[in-house]
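Step one of this worksheet: look at the structure below.
Just so it is clear, none of the values below were taken in a lab; they were calculated from the coordinates. Given the structure is predicted, the values throughout are model-derived calculations rather than measurements. Neighbour counts are summed over all protein chains in view; Cβ atoms, including those assigned to glycine, are modelled from backbone coordinates with ideal geometry.
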Amino acid sequence: MKTHTLANGDRIPAFGLGTWKSSKGQVAVAVQEALKIGYRHIDCAAIYNNEAEIGQALSTFNGKRSDLWLTSKLWNDSHSAEAVRPALEKTLLDLRQDYLDLYLIHWPIHFKKGVVFPRNLGEMLPPEAIPVGETWQALEECVRAGLTRHIGVSNFTIPKVQQVLAQAAIAPAMNQIELHPYLQQEDMLAFSRQKGVLLTAYAPLGSGDRPKGMKKADEPVLLNNTVIAEVAKKHQASPGQVLIAWALARDTVVIPKSVNPKRLQENFDAQQLQLDQDDMARIARLERGWRFVDGDSFCTGDSPYTLQWLWQQ
Ligand SMILES: NC(=O)c1ccc[n+]([C@@H]2O[C@H](COP(=O)([O-])OP(=O)(O)OC[C@H]3O[C@@H](n4cnc5c(N)ncnc54)[C@H](OP(=O)(O)O)[C@@H]3O)[C@@H](O)[C@H]2O)c1
């Protein structure tokens, strides 16, 4: 299994399992099945509302804890200095773990404490309400306390990562962002490589199971792309496997979600697929700046956040 080595020598498996939208009824079986297949990296988040079920599945794992890589994410209502550690401790309790490998700021967006999804403006806080340095210092304390081995960010732009880097005693190990052939983010790839920040590709298959309300009417279906289909045919692979192999070939971490045993195996097997230069060149031409997860629900009406602020600043 391909890994990336972090500054302290820890190694993150480049391939892992996504768990957003994996329902409470399905996720424990899916994680157990994944562990049986050989998955050793599970991507979680408090907001996915399924960490207790994942914890139950993890408790059946017979291998060593150090052979697993567990990531989770701090939700938008817990960015203040006093809220960070309790949020991480709740995740640890649910996952039945003593520590995480990686804990990420899920979004650069603040809600008031206890707000899961804001129903009105009064439940949001503007960007300046909690400086990122405050959240970051609290996360660094969690590293020092042994609650997580690494910390990082998610959905951060280059300027926002730069802001963290400028004041970090412990540098962000990871930025987890949307990456696939329709949103290749070459500038972010180059910047992150230069700064030693790894990237995790989320929604690598186009996140087709998002709720209807999160989908655009004209949204493309990445898995149906004809170039991806042709490359798949050439290698006797599936389109999903080509998308995973493409992410691995770009030296990103990739975390496709599945709760289906056949697709869990299929996705795992994609680690063996080697795309050639011609495949990579053809896929490079598919770029169209398309975000499946654009965060527009955070930016509607009189929200203090705009899509321009979220993705351009
Ligand atoms: N940090 C963030 O803000 C953020 C945002 C989005 C996602 N994520 C993380 O990234 C993970 C992956 O992203 P995602 O869940 O949005 O979308 P995704 O992995 O791109 O796509 C998941 C969808 O693809 C299907 N699928 C899985 N394997 C397949 C295959 N080989 N062929 C065809 N279809 C396949 C799944 O169905 P079945 O389950 O039925 O197989 C599901 O409908 C998430 O689960 C989450 O852990 C993070």
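Please go through the stretch 280-313 and give me each residue that is closer than 17 Å to residue 179 by Cβ and either of a type in the set (Lys, Arg) or part of a helix (DSSP H, G or I) (or both), ordered by number. The answer is 280, 283, 284, 285, 288, 291, 310, 311. In this structure, residue 187 qualifies as touching a residue at least 12 places away in the same chain (Cβ under 8 Å) and within 19 Å of residue 252 (Cα to Cα).
For the stretch 143-176, the candidate set comprises residues that are closer than 22 Å to residue 44 by Cβ and polar (S, T, N, Q); within that set, the residue that is surrounded by the fewest Cβ atoms within 10 Å (Cβ to Cβ) is 154. Highlighted here are the helices (runs of 4 or more DSSP H) found entirely within the stretch 157-266 that include at least 3 residues which are within 8 Å of the ligand (Cβ to nearest atom) and under 23 Å from residue 37 (Cα atoms): 239-249. The listed residues are 54, 47, and the only one of them that is crowded, with 16+ Cβ neighbours inside 10 Å, in contact with a Leu (Cβ under 7 Å, 6 or more places away or on another chain) and part of a helix (DSSP H, G or I) turns out to be 54. The number of residues in the stretch 177-230 being basic (Lys, Arg) and surrounded by fewer than 12 Cβ atoms within 10 Å (Cβ to Cβ) comes to 2. Filtered by the rule that a residue be without any contact (Cβ under 8 Å) to a residue 24 or more places away in the chain and in contact with an Asp or Glu (Cβ under 8 Å, 6 or more places away or on another chain), the stretch 260-313 gives a lone residue, 307.
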